[in-house]
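No value in this document is a laboratory result; all are computed from the given coordinates. The shown structure was predicted, so the numbers you read here are calculated from the model rather than taken from an experiment. Here Cβ is always computed from backbone atoms with ideal geometry, including for glycine, and neighbour counts include all displayed protein chains.
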Amino acid sequence: MAWVTCGLLMSQGTTSGLDETDTRAVTKANFLFHFAASNEWPSSVKEGSFYLTVIGNNRLYDELVDKYAMKMIGAQPLQVTGYSRVEDLPRDAFHHLVYCDVGGAELKRVASDLEGTPTVLVSDSPDGLEQGAVINFVASGNRIRYEINAADAAKKGVLIGNKIMSWAVK
């Protein structure tokens, strides 16, 4: 089930005046926006909209829509799409950046489906990089940080930006 593609589909809709006490969602949304905006994407995917997709985290999806839906990624308008389950992700649609809230075999399946595409898969799983994510959120004390597999990003034709690399813990 799709939640919303900003401004195109309406199901659960956007929220305004979100309760910002969910600092994890706020922080992750901020990181995801910066992952989209601060990396160098292949020229083949720099036309049309920039597609940021969230799987399995409605609160994060709502935060992205509320704060970033009207933003641009370079010259591309940002389109945020959300899906409840991995099975709902359309296999025939291109996504620049996919956040997947599940780990293990489901994350590995998403990584396999996105293999060979210039899609950056972001996860929040203890073994995210080992399961095929390019960027993985990790807890560091009371903070959310992330680790990066820059070699996998390069294989996809995505150059991770210096700022993004400098903020990574690994």
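What net charge do the residues around G132 carry, taking every other residue with its C-beta under 12 Å from that of G132, with Lys and Arg at +1 and Asp and Glu at -1? Neighbourhood net charge equals -2.
For the pairs K46/K156; K46/K163; K71/K170; K67/K108; K46/K71; K46/K170, flag any whose C-alpha to C-alpha distance is greater than 23 Å.
Long pairs (Cα-Cα over 23 Å): K71/K170; K67/K108; K46/K170.
Within the listed set V54, V26, V98, the Gaussian network model of the chain (springs between alpha-carbon atoms below 10 Å) gives the highest mean-square fluctuation for V26. Local charge sum around F33 (other residues, Cβ-Cβ under 13 Å, Lys/Arg +1, Asp/Glu -1)? Taking every other residue near F33 into account, the sum is +2.
Since only A133, L114, W167 are under comparison, the one whose Cα sits farthest along the positive direction of the charge dipole of the chain, derived from C-beta charges on Lys, Arg, Asp and Glu, is W167.
Principal axis analysis of the Cα atoms in the chain yields extents of 39, 37, 31 Å, listed in decreasing size.
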